[in-house]
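Worksheet: the structure to be examined is printed underneath.
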Amino acid sequence: MCAATKLELSALRRSCRPADVAFKSTDDAQLVEGVVGQDRAVEALRFGIGIKRHGYNLFAIGPPGVGKQTLLRDYLERSAGEREAPADWCYVHNFDEPGKPRLLELPCGRGMALAQDMNRALAQLRVALRAAFESEEYRTRRKQLVSAFAERQKQALDDIEARAVERDVALLHTKSGIGVAPLRDGKVMPPEQFSALEPDVQERIGHTIEEVSEELGQLLRQFNHWGREHHEALRQLDREIATTATHHMLEPLRRDYAELPAVLAHLEALEADVVDSVDDLLQQSSPEDVEAVLKRAFEHAGGSDGPLRRYQVNVLVGDGSGRQAPVVYEDNPTYANLVGRIEHESHFGTTMTHFTLIKPGALHRASGGYLIVDALKLLLQPFAWDALKRALRSGEIRIESVTEAIGLPHAASLDPEPVPLRDTKVILVGERLLYYLLVGADPDFLELFKVLVDFEEQMDRHEASQSLYARLVATLVRKEELLAFDRSAVASVIDYAARRAGDAEKLSVHMRQIVDLLREASYYASEAEHGIVGAADVRVAVEAQLRRASRVQDRLLEAMRRGDILVATDGAQVGQVNGLAVFQLGEQTFGHPTRITARVRLGAGEVVDIEREVKLGGPIHSKGVLILSGFLGSRFVADIPLTLAATLVFEQSYGGVDGDSASMAELCALLSALAEAPIKQSFALTGSVDQRGNVQAIGGVNDKIEGFFDVCADRGLTGEQGVLIPASNVKHLMLRDDVVAAVAEGKFSVHAIEHVDDAIALLTGVPAGVRDAAGNFSSGSINARVEARLRSFAESARRFSRSRGSSSSTGH
């Protein structure tokens, strides 16, 4: 086995030198076009937008802050600019079925024009109708009809009255109608005179009166028929006048929209309805009331009871300004905000609706373009996810209430024609876990969202990419209109990006964090009255970020300083080692040491993880502890049973523990307890281990080293303190400047290990030991002492078993 390697300064931090930045300040830099470090995402985005097949919608995944929204909007805006603007969609009244408004499709920009043209035509129609029904021609023709009707009635009455007089019968006009009475000498015969007549005379006169009455009844019935004819003649006159006025007013619309058959058909139906409804519009036959009636009808056209409201055009999609395909981001994807809604108005305690109250949703506004939706927000809204899937599957947007959509009883409402969903791409944005949960839980998901746009969190760091990143910094500075950054400041930002990536060979593309740093560094430079941002300003901004989020870290450090949390940084202890853990609070992470202890005794070969026993240990941590049993059993005393009982615990740990990064420390504590070899408490270590004792990489290595360094620095650096890390983590080191400086002064050290033997030898100062040709570990080594202890446990167990057997036999 190789011994632990004490790392050189060059391995602790890979710094970007100011000389590596090609420009003096960001004002001189060549700006970056597009995005940096997202080649995979851009390729997927280009494919998803380009393919015109059903179901090829997109799902963009990645953690918050990596620039998903920015990249999507910028790319989609450029793509939308290359596409033709989609059609306008309008709802109009359905004169055959008023409850089912008709849908009109018009070229882009024509929808709003049609609505405006229709409003102008309706305004002109008011004037035209008023003029037509007040014209001398109309008044004359109407008067002629009325006069002819009255004259016809008068002539008929005069004729029957003359015939009646010839038969000594008079027609009496009373308030209750026309009566009949006998005459004598040209005068109406009084009742008493009629009673004095001879019976046969009375009978003859009565018969004559009956005949006249019958003729009069027939005439009155004829009057009713003539009245209907007269009313129809007046109605035909009104229709003729209304037809002439309406046709003349709508003729310009027919010419302007001659190439749109659907619009022409609607205009024909509208004209017929205006003519059929002219009686409702006029309401009274008196010409003197025409002005007031028309004024009232048109003034209330916008109200729910306006007679002319049904002639308006409801522009659902298309404001007349579109020159390209739309890009819509729906921040609140409720059911109604996605598929639209039908609003209602309250009138005298009753709710009413109308086709002009149909409102579009985000799918309507994005028709023919792109719709961006936050997946988590969408899934949190009741029925919204199902509504989106239904629209994508059917290729149409149906506006209906939630209760109607899910089949529950609902109040009567409109049933508008569905709007086709053509050439529209829906882009969901969310985190990776949400994407994979949908893949597993919803069988429809991959049928509708076939394109995965996976955003990177890091990019490779090399000379070319570092130069590109410097230009990216300059681009962001210019875009945010910040103070210029000099080359030292840009180099510091690149180092910060590497630290955020947690890898000396990577750079973070978490743009929100980078932009926040640039803004804050510019602020502190302005506060200091610096004309340009330098490395010192960037350092102040980074330290201020840490300071704002370091309350918990400071309280932990204080607790260790005051002895509330016991962590030793000097001396030596058997079965005790300083492990390293990482806390994450929001976006802030920090490391701190934790005391791990091991105790061993004779037992049944079980290594007990106390954290797991009390349900504080996670499954990965428990797996790491079980691996220790495999290592002990395979490396030591393979020819006899493993008869130890060992316990492992994170001392003063009161929360959950997970991960296997402490398994190396736990193994070293266990070996120390078995070999009874003290471990130097001036060291802390981290790393996971396999069943062969090989050390494996872990996460958060920089935070862990710096966490132990802070404790040691708080107590005073002695030059004996240091941290052991997996050799495979060396490439991840991007330590703080103060840690590197302490190492340079010999006050602190970082060691790389590849095997547990490297660690235990450095921690105890005793060689680990290897087996010789005879299969024995070198005398006095850690491994020899461990094996001897395990053999003594086995021998004790054997003696104990025999003694129990003898006692049992004696008892019998």
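The values are calculated or read from the model by the stated rules, or taken from the named source; none is laboratory data. Keep in mind the model is a prediction, meaning the values are calculated, not measured. Reconstructed Cβ throughout: ideal geometry from the backbone, glycine too, with neighbour counts over all protein chains shown. Protein only, heavy atoms only, side chains kept; ligands, DNA and RNA dropped before computing areas. Shrake-Rupley method; radii C 1.70, N 1.55, O 1.52, S 1.80 Å.
For the reader, a short list of remarks on this structure follows.
- Elements of the type strands (runs of 3 or more DSSP E) sitting completely within the range 54-123 and holding at least 1 residues that are closer than 27 Å to residue 248 by Cβ and β-branched (Val, Ile, Thr): these cover 88-92.
- Only one of 155, 116, 124 that is within 24 Å of residue 227 (Cα to Cα) and open to solvent by 70 Å² or more (accessible area, probe 1.4 Å): 155
- Taken as a whole, the condition of being at pLDDT below 90 and basic (Lys, Arg) does not apply to residue 102.
- Check on residue 710, touching a residue at least 40 places away in the same chain (Cβ under 8 Å), farther than 23 Å from residue 796 by Cβ, charged (D, E, K, R) and touching a Phe, Trp or Tyr at 6+ places or on another chain (Cβ under 7 Å): no
- Test: residue in the range 3-10 that is β-branched (Val, Ile, Thr) and under 30 Å from residue 693 (Cβ atoms): yes
- Residue in the range 68-80 that is surrounded by 14 or more Cβ atoms within 10 Å (Cβ to Cβ), of a type in the set (Phe, Trp, Tyr) and at pLDDT below 90 present: yes
- Residue identified as modelled with pLDDT of 95 or more, open to solvent by 20 Å² or more (accessible area, probe 1.4 Å) and at negative phi among 520, 456: 520
Quick grid of which residues meet (1) open to solvent by 40 Å² or more (accessible area, probe 1.4 Å); (2) of a type in the set (A, V, I, L, M, F, W, C); (3) in contact (Cβ under 8 Å) with a residue 40 or more places away in the chain:
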| site | (1), (2), (3) |
| --- | --- |
| 4 | no, yes, yes |
| 9 | yes, yes, yes |
| 17 | yes, no, yes |
| 26 | no, no, yes |
| 47 | yes, yes, yes |
| 52 | yes, no, yes |
| 57 | no, no, yes |
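- Of all residues in the range 172-194 being surrounded by fewer than 12 Cβ atoms within 10 Å (Cβ to Cβ) and modelled with pLDDT of 75 or more, the one that is nearest to residue 153 (Cα to Cα): 187
- The residues on offer are 215, 203, 161, 198, and the sole one that is in contact (Cβ under 8 Å) with a residue 24 or more places away in the chain and charged (D, E, K, R) is 215.
- Only one entry in 643, 569 is closer than 27 Å to residue 709 by Cα, open to solvent by less than 30 Å² (accessible area, probe 1.4 Å), among the polar types (S, T, N, Q) and over 48 Å from the mean Cα position of the chain (by Cα), namely 569.
- Hey, residue 389 open to solvent by 30 Å² or more (accessible area, probe 1.4 Å), in contact (Cβ under 8 Å) with a residue 12 or more places away in the chain and under 19 Å from the mean Cα position of the chain (by Cα) or not: no
- Members of the range 708-728 that are crowded, with 24+ Cβ neighbours inside 10 Å, touching a helix residue (DSSP H, G or I) at 6+ places or on another chain (Cβ under 8 Å) and in a helix (DSSP H, G or I): 709
- One residue stands out among those in the range 729-746 that are in a helix (DSSP H, G or I) and of a type in the set (Gly, Ala, Ser): the one that is farthest from residue 4 (Cα to Cα), which is 741.
- Single residue of the range 136-173 satisfying the filter (within 19 Å of residue 189 (Cβ to Cβ) and either among the polar types (S, T, N, Q) or assigned to a strand (DSSP E or B) (or both)) that is nearest to the chain's Cα centre (by Cα): 173
- Each residue in the range 534-582 was checked for being part of a loop (DSSP other than H, G, I, E, B) and at negative phi, and 11 of them qualify.
- Some residue of the range 334-346 being part of a loop (DSSP other than H, G, I, E, B), modelled with pLDDT under 90 and either β-branched (Val, Ile, Thr) or more than 20 Å from residue 423 (Cα to Cα) (or both): yes
- Test: residue in the range 668-682 that is open to solvent by 60 Å² or more (accessible area, probe 1.4 Å) and of a type in the set (D, E, K, R): yes
- Qualifying residue in the range 510-533 (condition: in a loop (DSSP other than H, G, I, E, B) and closer than 17 Å to residue 479 by Cβ): yes
- Residue that is surrounded by the most Cβ atoms within 10 Å (Cβ to Cβ) [pool: residues in the range 240-282 that are in contact with a Ser or Thr (Cβ under 6 Å, 6 or more places away or on another chain) and β-branched (Val, Ile, Thr)]: 274
- Yes/no for residue 313 being of a type in the set (A, V, I, L, M, F, W, C), under 27 Å from residue 118 (Cα atoms) and either in contact with a helix residue (DSSP H, G or I) (Cβ under 8 Å, 6 or more places away or on another chain) or without any contact (Cβ under 8 Å) to a residue 12 or more places away in the chain (or both): yes
- Of all residues making up the range 28-45, the number that are touching a strand residue (DSSP E or B) at 6+ places or on another chain (Cβ under 7 Å), of a type outside the set (A, V, I, L, M) and either free of Cβ contacts under 8 Å to residues at least 12 places away in the same chain or open to solvent by less than 40 Å² (accessible area, probe 1.4 Å) (or both): 1
- Among the residues making up the range 747-779, those that are touching a helix residue (DSSP H, G or I) at 6+ places or on another chain (Cβ under 9 Å), part of a helix (DSSP H, G or I) and either open to solvent by 30 Å² or more (accessible area, probe 1.4 Å) or aliphatic (A, V, I, L, M) (or both) are 756, 759, 760, 761, 763.
- Scanning the range 285-305 turns up one or more residues that are modelled with pLDDT under 80, in contact with a His (Cβ under 8 Å, 6 or more places away or on another chain) and open to solvent by 30 Å² or more (accessible area, probe 1.4 Å).
- Pair list, Cβ under 6 Å, 6 or more apart: the range 171-189 residue under 15 Å from residue 209 (Cβ atoms), other residue surrounded by 15 or more Cβ atoms within 10 Å (Cβ to Cβ) and among the hydroxyl-bearing types (Ser, Thr, Tyr): 180/213
- Criterion (free of Cβ contacts under 8 Å to residues at least 60 places away in the same chain, within 29 Å of residue 765 (Cα to Cα) and acidic (Asp, Glu)) met by exactly one of 564, 570, 609, 537: 609
- Residue within the range 481-491 that is within 30 Å of residue 10 (Cβ to Cβ), among the charged types (D, E, K, R) and not in a helix (DSSP H, G or I) present: yes
- Where residue 501 falls short, out of the listed (1) at pLDDT below 95; (2) surrounded by fewer than 18 Cβ atoms within 10 Å (Cβ to Cβ): (2)
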